[in-house]
1. Summing Lys, Arg as +1 and Asp, Glu as -1, what charge do residues with Cβ under 15 Å from the Cβ of E117 carry, E117 excluded?
2. From zero up to wherever the largest Cα-Cα distance of the range 6-145 sits, split into 10 Å bins and tell me the percent of pairs in each.
3. In the range 6-145, how many lysine pairs have Cα atoms under 26 Å apart, counting only pairs 8 or more places apart or on different chains?
4. Would you kindly derive the ³J(HN,Hα) couplings of the range 132-142 from the backbone phi angles with the Karplus curve 6.51 cos²θ - 1.76 cosθ + 1.60 (θ = phi - 60°), listing them in order in whole Hz, with x for Gly and Pro?
Amino acid sequence: MLANIRIYEVGWSQNKQQLVHIRTQVFIEEQKVPIDLEWDGLDETAQHFLAVNDVNEPVACARLLNNGSIGRMAVLKAWRGQGVGSSLLKMAINMHTQQGVQTLMLSAQLHAMAFYEKAGFVVCSAPYLDANILHVDMQLLTAKHKPPV
């Protein structure tokens, strides 16, 4: 993990302001995702991770759903390319693995496909539009449940 970044598992009700700030910046303002698609009603029951810098400012977040889905991964522009997203993804994978989830799923924007492939995810769908952005579904079998080679 990065020396100047800490990642915490947080609750939606306690950290809603920070999570909303990051996702608004990345998805709604940068990527022009419609507000009603971003706020889908699943946040209250999801697990959330929040990455903060050395002065405790929020810089990235991710959401885990009970069905083994990782989503809403967002890193503020100034913090991209510094390993924050990788650390966040690793923590999300570890959390699901500890909970016994055998197959992790995510919907990746096409430009982020290689990022997720580096973590072991494989494409399992044709490209499709979601919020006017091309995506593919990807999955990862947890190490505990990978078939023998």
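Since every read-out is calculated from the coordinates, none of them should be taken as a lab result. In this text the structure is predicted, and so the values were computed from the model without any measurement. All Cβ positions, glycine included, derive from the backbone under ideal geometry; neighbour counts span all protein chains shown.
1. Neighbourhood net charge equals +1.
2. 12, 44, 38, 6, 0
3. For the range 6-145, qualifying lysine pairs total 9.
4. Residue by residue, the range 132-142 yields 6, 10, 5, 10, 9, 7, 9, 9, 9, 7, 5 Hz.
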